[in-house]
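Here's the structure, in structure tokens; my notes come after.
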Amino acid sequence: MNNLCPICKTSYPPDVKFCINDGARLVAAGNSTEQTEPKIHNPFERSPQVDLPYFKASIGNRFLATLLDGLIVTALTIPAAIALVGAFIAAYGSEEELTITLGIVGLILALIPLAFQMLKDGFGQGQSPGKKVMKLMVIDLDTNMPCTKQKSFLRNIILLLMALVPVVGSLIEPIMVLATKDGRRLGDRAANTMVIEKSDYFN
């Protein structure tokens, strides 16, 4: 069996002990550094031998988490609302410069609760503040890792778009959570994510 340089991967006859390129000690080809390095442990990886499914999170916990996150969104919206009301009052008083200034400030501040709503499930270990309190998390089923901000945006933009559908739009996602076996709404299916009880799987 030939010897292999662990740095440049150059192969040598068995009687050669050192690499002529970088001086590294050669190892048997079957014992290369690549093969002997320990695999980094992923605490969120599901064991293929056990193959346990993820179980549907408690509806009550999900409701309370949504309520807590909703309160945060409301609090973040207040500064924007104050600025926009001020702009309206300034416009009524014909103060054009103040109207424009307050209007721009209000619109910028309005982006804060919107960004929170879109990205909240990508915080920490796939947990919005509400989900963290209720010990829930959003898992990325593609990687078995916590939901990223990109996946959070995708799952929540679907929720926002559905809410724009008159009458029934805002009901479809909650019905999906209640009626489906895995509790995955349309946003979860688009992003391939799932809300789970964190304590059932991870510390």
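We did not get these values from a lab; they are worked out from the coordinates using the rules stated. Values in this document were obtained by computation on a predicted structure and should not be read as measured data. Every residue, glycine as well, gets a Cβ built from its backbone with ideal geometry; the counts of neighbours run over all protein chains shown.
Separation of the range 164-203 and the range 62-98 by C-alpha centroid, Å?
The range 164-203 and the range 62-98 have Cα centres separated by 28 Å.
Per 10 Å bin from zero, what fraction in whole % of the C-alpha pairs of the range 139-203 is there, up to the bin with the longest pair?
For the range 139-203, the binned pair fractions read 22, 49, 25, 4, 0 percent.
Each residue of the range 186-195 in turn: what ³J(HN,Hα) in whole Hz from Karplus with 6.51, -1.76, 1.60 and θ = phi - 60°, glycine and Pro shown as x?
4, x, 5, 6, 5, 8, 6, 10, 7, 8
Amide H of residue 135: which non-local residues (sequence gap of 5 or more, or other chain) have their own amide H closer than 5 Å, using H built in the peptide plane?
none
Name the trypsin sites (Lys or Arg not before Pro) in the range 158-189 that are in a loop by DSSP and that have at most 10 other C-beta atoms within 10 Å, would you?
Passing sites in the range 158-189 are 181.
What is the order of 19, 5, 147, fewest Cβ neighbours within 10 Å to most?
The most exposed by this proxy come first: 19, 5, 147.
Can you put 89, 158 in order, fewest other beta carbons within 10 Å first?
Ordered from fewest to most neighbouring Cβ atoms within 10 Å, 89, 158 come out as 89, 158.
Just the Cα atoms of the range 59-200: what Rg and Dmax do they give in Å?
17.8, 60
For 193, 74, what ranking results if the residue with the fewest other Cβ atoms within 10 Å of its Cβ goes first?
74, 193
Can you give me the long-range amide H partners of residue 193? Hydrogens built in the peptide plane at 1.01 Å from N, cutoff under 5 Å, separation of 5 or more residues or another chain.
141
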